[in-house]
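Colleague: Next up is a structure, given as C-alpha cells.
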Amino acid sequence: MHPQHITQQLSPGDADATSSVFNPGFVLDGFLPDLVITTPEWVSFHVHSGRLLLSSSNAFGGLLTQPTYSLALPEPAVVINIVLSIIYDLQCHHNPPPLPSTQAALDALVKYGVPLAPLAAPQHPLYRLIFSYAPYYPIEAYALAAHHRLENLAAAISSHLLAYDLSRLSDELAIKMGPVYFSRLANLHRARLAALRNIVLRPPAPHAPTANCDHDAQRELSRAWAFATAEIVWNALPNTSTSSLRAAFLQAGTSVSCPECQNMLHQRIQEVTNEWLAVKSTI
Ligand SMILES: [Zn+2]
C-alpha cells in the first residue's frame, strides 16, 4: 500500500480520481464494494459497508445506521486511505504518509468508532505505520502513541528516545503525551544514568600479588579506573554506547604495565559492557 499514489494521481482540475486500491473491482471475501466514500478532493474509495460496520463500535460515526451507497467524508484522501488501510488490515508502512496525515487518521478512526488498542499489536499495519516514524520523528511518534494509550507502541518507540533532551520538549507535545508518559520517559533516562553510575563505579578486581605487582602496585589500576569513571559519569547520557565505555577504560589502562592487571581490566570491561547492555532501554 502506497498512500502517496493517491495524491500522485491527483493534479489541479483532476476530478473524480479513484483510489488505486479501493477501486470498483476491489473484492473482499468474494464480494464487490457496495459503498463509495468520497473526499473533499473528489477522490473515490470503493469499500464494503459490512467491513466498516464490523470494525466500528458506533456505525462508523453514525453514518451507517441506515443502508447507504455513498458517503462524503470531510477528511482528505491521504487520511481516508490510511483509515481504510488500517480497517482492511493492509500494510501501509513501506512508503509512509507524512506524520500529520497519520495523526489525522488516528483521530478519524476514533471518530468513526474503530477501537485503536486491538489494532496496535506488533503485526498490525497501525503498529508498523506508527513505528516506521520512530527513527525520524521519535518524540512525535511517542507522543502520538502515548496520546492514544498504545502502550506497546509507546514502549517500543521509547528506545529511540534515550538521547532525547527532555528540556527541549514543546508544551504541545508534553500535553499530547500527558503527564504519565512524560514522567515514564524522564524516569527511564534517570534510571539508566543511575544504572550506568553503579556499573562503572566498581573497579576491576585485584589479582593475587606477584613479585612485580603487589597490592599497593595494583592501586594504580584502581586510580586510573576511578579517573575514567569520573569522566564517564560526568559526560554520561542515557544512550552512552558500549564502545565509548570500552574506549575510556582501555585508555585508562594504558598507564598500567602489569599483564595481570591488564587481564583484570579487560575482564571488568567485558562485564561493564554486558551489564550496560542488560539495562532496560524502554519505558
Ligand atoms: Zn598487577
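Colleague: Filter the range 170-188 down to the residues that are touching a residue at least 24 places away in the same chain (Cβ under 8 Å), farther than 22 Å from ALA117 by Cα and open to solvent by less than 20 Å² (accessible area, probe 1.4 Å) and list them by number.
Modeller: LEU188
Colleague: Cβ-Cβ below 6 Å, separation at least six or inter-chain, first residue in the range 27-55 and more than 14 Å from TYR69 (Cβ to Cβ), second of a type in the set (Gly, Ala, Ser) and surrounded by 12 or more Cβ atoms within 10 Å (Cβ to Cβ): which pairs?
Modeller: THR39/ALA77; GLU41/ALA77; VAL43/ALA17; VAL43/ALA77
Colleague: Quickly run through the range 87-112 and pick out the residues that are surrounded by 18 or more Cβ atoms within 10 Å (Cβ to Cβ) and closer than 19 Å to LEU54 by Cα.
Modeller: If the condition is that a residue be surrounded by 18 or more Cβ atoms within 10 Å (Cβ to Cβ) and closer than 19 Å to LEU54 by Cα, then ILE87, TYR88, ALA105, LEU106, ALA108, LEU109, TYR112 are the ones that fit.
Colleague: Still on this structure, I have one more. Is at least one residue of the range 194-203 touching a Lys or Arg at 6+ places or on another chain (Cβ under 9 Å), open to solvent by 70 Å² or more (accessible area, probe 1.4 Å), basic (Lys, Arg) and more than 16 Å from the ligand (Cβ to nearest atom)?
Modeller: Within the range 194-203, the first condition is being touching a Lys or Arg at 6+ places or on another chain (Cβ under 9 Å), and the residues that meet it are 195, 202-203.
Pick out the ones that are also open to solvent by 70 Å² or more (accessible area, probe 1.4 Å) and you get 202.
Right, trim to basic (Lys, Arg) and you get 202.
If we keep only those that are more than 16 Å from the ligand (Cβ to nearest atom) too, we end up with 202.
Checking the range 194-203: at least one residue is touching a Lys or Arg at 6+ places or on another chain (Cβ under 9 Å), open to solvent by 70 Å² or more (accessible area, probe 1.4 Å), basic (Lys, Arg) and more than 16 Å from the ligand (Cβ to nearest atom).
Colleague: Of the residues that make up the range 176-183, is at least one polar (S, T, N, Q), on the phi < 0 side of the Ramachandran plot and either at pLDDT 95 or above or not assigned by TED's automatic domain parsing to the domain that holds PHE249 (or both)?
Modeller: Yes, because at least one residue in the range 176-183 is polar (S, T, N, Q), on the phi < 0 side of the Ramachandran plot and either at pLDDT 95 or above or not assigned by TED's automatic domain parsing to the domain that holds PHE249 (or both).
Colleague: Determine, yes or no, whether TYR136 is open to solvent by less than 60 Å² (accessible area, probe 1.4 Å) and of a type in the set (Phe, Trp, Tyr). Give the steps one after another, and end with the answer.
Modeller: Values: open to solvent by less than 60 Å² (accessible area, probe 1.4 Å): no; of a type in the set (Phe, Trp, Tyr): yes.
No.
Colleague: Let me ask something else. Whether any residue in the range 211-230 is under 23 Å from the mean Cα position of the chain (by Cα) and either within 16 Å of the ligand (Cβ to nearest atom) or open to solvent by 70 Å² or more (accessible area, probe 1.4 Å) (or both) is what I want to check. Explain how you work it out, then say what you get.
Modeller: Here is the first cut: in the range 211-230, the ones under 23 Å from the mean Cα position of the chain (by Cα) are none.
Checked the range 211-230: no residue is under 23 Å from the mean Cα position of the chain (by Cα) and either within 16 Å of the ligand (Cβ to nearest atom) or open to solvent by 70 Å² or more (accessible area, probe 1.4 Å) (or both).
Colleague: Filter the range 17-72 down to the residues that are hydroxyl-bearing (Ser, Thr, Tyr) and surrounded by 12 or more Cβ atoms within 10 Å (Cβ to Cβ) and list them by number.
Modeller: THR18, SER19, SER20, THR38, THR39, SER44, SER49, SER55, SER56, THR68
Colleague: Next question, about the same structure. Any residue in the range 114-132 that is in the same structural domain as PRO40 (by TED's automatic domain parsing), open to solvent by 50 Å² or more (accessible area, probe 1.4 Å) and basic (Lys, Arg)?
Modeller: no
Colleague: Here's another thing I want to ask about it. Going residue by residue through the range 265-279, is there one that turns out to be open to solvent by 20 Å² or more (accessible area, probe 1.4 Å) and within 16 Å of the ligand (Cβ to nearest atom)? Quick ask: steps written out before the conclusion?
Modeller: In the first step, residues of the range 265-279 are kept if they are open to solvent by 20 Å² or more (accessible area, probe 1.4 Å); the result is 266-267, 270-271, 274-275, 277-279.
Among the residues that remain, those that are also within 16 Å of the ligand (Cβ to nearest atom) are: 266-267.
Checking the range 265-279: at least one residue is open to solvent by 20 Å² or more (accessible area, probe 1.4 Å) and within 16 Å of the ligand (Cβ to nearest atom).
Colleague: Return the pairs, sorted by first residue and then second, in which the second residue is among the charged types (D, E, K, R), the first residue lies in the range 73-86 and is open to solvent by 10 Å² or more (accessible area, probe 1.4 Å), the beta carbons are less than 8 Å apart, and the residues are 6+ apart or on different chains.
Modeller: The qualifying pairs are PRO76/GLU41.
The values are calculated or read from the model by the stated rules, or taken from the named source; none is laboratory data. This one's a predicted model, so the numbers in the text were calculated from it and none came from an experiment. Cβ: placed from backbone, ideal geometry, glycine included. Neighbour counts: every protein chain shown. Protein only, heavy atoms only, side chains kept; ligands, DNA and RNA dropped before computing areas. Shrake-Rupley method; radii C 1.70, N 1.55, O 1.52, S 1.80 Å.
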